[in-house]
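Below is one structure; the comments refer to it alone.
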Amino acid sequence: MDNLVIITTPEDNTETSVYIGTRYNPCDIKKMKFEKVDDDLYKVTCELFIEFEYEMVAKNEFFKFSTLLELNRNIIEE
């Protein structure tokens, strides 16, 4: 996943959304990038637009954030 970049737009018909309770809110991922930091650790930077007005949850918002994700290779399906 090192240097993986994900981008979505309304034109590409990719289904991306954020649910607040049962409310569907379309989302455009302007850019989400995964950068390997260590064996199972990735830095993720993300810019996205969430259309909260679609179901009148709130005003539409643009978010920009970064975080660290740890990959757990020991997950067992039940």
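Side notes on the structure shown:
- Test: residue in the stretch 26-35 that is loosely packed, with under 13 Cβ neighbours inside 10 Å, out of contact with any Leu (no Cβ under 9 Å at 6 or more places or on another chain) and not hydroxyl-bearing (Ser, Thr, Tyr): no
- Residues located in the stretch 1-25, provided they are outside any strand (DSSP E or B) and either surrounded by 15 or more Cβ atoms within 10 Å (Cβ to Cβ) or hydrophobic (A, V, I, L, M, F, W, C) (or both): 1, 7, 8, 16
- Count - residues of the stretch 1-58 that are of a type in the set (A, V, I, L, M, F, W, C), at pLDDT below 95 and within 24 Å of residue 75 (Cβ to Cβ): 2
- Each residue in the stretch 30-68 was checked for being within 17 Å of the chain's Cα centre (by Cα) and part of a loop (DSSP other than H, G, I, E, B), and 2 of them qualify.
- Which listed residue, of 28, 39, is in contact with a Pro (Cβ under 8 Å, 6 or more places away or on another chain) and either without any contact (Cβ under 8 Å) to a residue 12 or more places away in the chain or not basic (Lys, Arg) (or both): 28
The values are calculated or read from the model by the stated rules, or taken from the named source; none is laboratory data. If you're wondering where the values come from, they're calculated on a predicted model, not measured in any experiment. Glycine gets a Cβ as well: all are built from the backbone with ideal geometry, and neighbour counts include every protein chain shown.
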